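The values are calculated or read from the model by the stated rules, or taken from the named source; none is laboratory data. Small disclaimer: the values here were computed from a predicted structure and weren't measured. Using ideal geometry, Cβ is built from the backbone for each residue, glycine included, and neighbour counts are taken over all protein chains shown.
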């Protein structure tokens, strides 16, 4: 079992997919994570479970945007994935182990998003938890998929869990209406019992989301913050910013 206690607070801020600086430092790359560690920044990143059971750090299901290669990341094993490069650089897709090893002794918290594909929510959650059992640093786990958080609550109730949410009425993403309604209105909260909500910044003031979040009465994070003005607004609203594309230490509060 992990040593994470149920009392917690979110970090003051998280660098979204590492502290990347495109085009030279790709998102979710070891270069982006090393840069974050060097600047003393907590990070957010995404975890996939691939064909051979390896856990890797990548955002999209499809590889093409970041690697120029067509195909779904879950279909690859680690040997073939290591042949790919990120955004025309020499950076490879990192493994979960590589990122954990980098941050374990830094004292910097991790915000770990689990990316479900083809209904693998249980296998993904169990694999991530098994690896984190020996991790000594601070972390929390979040997901859009409430099933991840249900499994997490059952097998590792001591781990802090967060529900990702956006206004799916604005962006259906191929979901049937009933799922759009349930997810946007956080209808699984009674079962999931999340410790925090991570809401799309552009959607956080929508009536249905605001009602659901305020009813939950728990900490809120905002993603993705891309300008200093948004950063200041998120802080003023009491949200934890998940930011990218600027230096937060250069902002005058």
**OP:** Output the number of residues of the range 42-75 satisfying the condition of being assigned to a loop (DSSP other than H, G, I, E, B) and surrounded by fewer than 23 Cβ atoms within 10 Å (Cβ to Cβ).
**Re:** 13
**OP:** May I ask you to verify whether residue 79 is in the same structural domain as residue 115 (by TED's automatic domain parsing), more than 18 Å from the chain's Cα centre (by Cα) and in a helix (DSSP H, G or I)?
**Re:** yes
**OP:** Please state which of the following conditions residue 115 fails to meet, knowing it meets all the rest: (1) crowded, with 21+ Cβ neighbours inside 10 Å; (2) farther than 26 Å from residue 84 by Cα.
**Re:** (2)
**OP:** Go through the range 188-215 and give me each residue that's surrounded by 14 or more Cβ atoms within 10 Å (Cβ to Cβ), out of contact with any strand residue (DSSP E or B) (no Cβ under 7 Å at 6 or more places or on another chain) and over 28 Å from residue 231 (Cα atoms).
**Re:** 188
**OP:** State all residues of the range 157-202 that are assigned to a helix (DSSP H, G or I) and closer than 15 Å to residue 146 by Cβ; if no residue qualifies, say none.
**Re:** 178, 179, 180, 181, 182, 183, 184, 189, 190, 191, 192
**OP:** Go through the range 139-187 residue by residue and tally those that are in contact with a helix residue (DSSP H, G or I) (Cβ under 6 Å, 6 or more places away or on another chain) and on the phi > 0 side of the Ramachandran plot.
**Re:** 1
Original post:
residue 34 versus (1) assigned to a helix (DSSP H, G or I); (2) within 23 Å of residue 235 (Cβ to Cβ); (3) in contact with a helix residue (DSSP H, G or I) (Cβ under 9 Å, 6 or more places away or on another chain): which is the lone unmet condition?
Top reply: (2)
Original post:
If we keep just the residues of the range 219-250 that are within 18 Å of the chain's Cα centre (by Cα) and at pLDDT below 95, which is farthest from residue 40 (Cα to Cα)?
Top reply: 219
Original post:
Has the range 138-148 got at least one residue that is within 24 Å of residue 14 (Cβ to Cβ), over 16 Å from the mean Cα position of the chain (by Cα) and touching a residue at least 40 places away in the same chain (Cβ under 8 Å)?
Top reply: no
